[in-house]
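The values are calculated or read from the model by the stated rules, or taken from the named source; none is laboratory data. Remember, predicted model here, so these are calculated numbers, not experimental data. Cβ placement follows ideal geometry from the backbone for every residue including glycine, while neighbour counts extend to all protein chains displayed. Surface accessibility is based on the protein's heavy atoms, side chains included, excluding ligands, DNA and RNA. Shrake-Rupley method; radii C 1.70, N 1.55, O 1.52, S 1.80 Å.
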Amino acid sequence: MNDSIKPTSAEFQFLTLAYNRFYDLFDEVMNEDFWLKNDWERFSKISQSFAIYAELLNYEPIKYVIESLKKERPPMESEIGSEVFKFVRNIFAHFPFFEKWDDVWVNKSVVNWHKEGLTIDKFIKKYLGKPEVKYRFWEPKFKRMTYLSISFPIAYEPDTKILLKDIISEKEGVKFSFILMKQIMDTQVKS
């Protein structure tokens, strides 16, 4: 088979599994009933979604979409849709100690416990002290506009906790994240 044809059969298998699961989770998260579930159930499904999306960022056509966002969309949308979401996923994957969104934290000691300069450390150093980014999104089902901010750490010290909830809020931040992820993913769907 010609590997230059996208998707390859292996990619097609992966994409089918990833897209189907993400879309199921998207529908669930965007439903108000989801936010009434217990912390652990919400956290598990949100974490799984970020993991799926981070894997999809390895698919070459999605990399092109991320690059085009840098030129065609508002400032920081590309970085949010790639680097910030991957940062969240990496925290979940490398520090699976937490049971709910509001408890998730890292600090310089924990991030670099094994080796300095890896992805989470690089992300925090790159965005340390950067101004917050404000967004809004329309929820047609509820006929409401939701506003949120994505903030970046202001301190990165061995004993200073960086709380995930201070970067992205759970409900509004996750809904926004899912909407942006889905918009990026939808660029690869024919029907």
Handout entry: Estimated inter-spin distance, LYS130 and TRP35, nm [label 7 Å along Cα→Cβ]
Key = 2.7 nm
Fill in the blank from the handout: Here FRET efficiency (C-beta to C-beta, THR160 to GLU67, R₀ 25 Å, nearest 0.05) is 0.15
Exercise for the section: Provide the gained length on full extension for the span GLU60 to LYS141, in nm with one decimal, where the gain is 0.36 nm per separating residue minus the Cα-Cα distance. Expected result: 25.9 nm
Fill in the blank from the handout: Here, trypsin sites (Lys or Arg not before Pro) of region 21-122 satisfying both criteria (DSSP loop; at most 16 other Cβ within 10 Å) are LYS37, LYS100, LYS115
Handout entry: Whole-Å distance, taken between Cα centres, linking region 19-64 and region 75-89
Key = 15 Å
Completion exercise
Carbon/sulfur accessible area of region 9-187, % of total, 1.4 Å probe, equals 54 percent
Problem - Whole-number percent relative contact order across the chain, with pairs defined as alpha carbons under 8 Å at least 6 apart - result: 21 percent
Practice task
Among the listed pairs LYS126/LYS175; LYS37/LYS100; LYS126/LYS171; LYS100/LYS125, give every one whose C-alpha distance is greater than 21 Å.
Solution key: LYS126/LYS175; LYS126/LYS171; LYS100/LYS125
Practice task
Report the extension gain between LYS171 and LEU118 in nm, rounded to one decimal, defined as 0.36 nm multiplied by the number of residues separating them, less their alpha carbon distance.
Solution key: 16.2 nm
Completion exercise
Taking every other residue with Cβ under 12 Å from the Cβ of TYR53 and scoring Lys and Arg +1, Asp and Glu -1, one gets +3
Exercise for the section: Convert each backbone phi in region 97-103 into a coupling constant with the Karplus relation 6.51 cos²θ - 1.76 cosθ + 1.60 (shift: θ = phi - 60°), then list the ³J(HN,Hα) values in order as whole Hz, x for Gly and Pro. Expected result: 9, 10, 10, 8, 3, 5, 8
Fill in the blank from the handout: The answer for the longest stretch of the chain without any exposed chymotrypsin sites (Phe, Trp or Tyr not before Pro) (DSSP loop, at most 15 further Cβ atoms within 10 Å) is 1-96
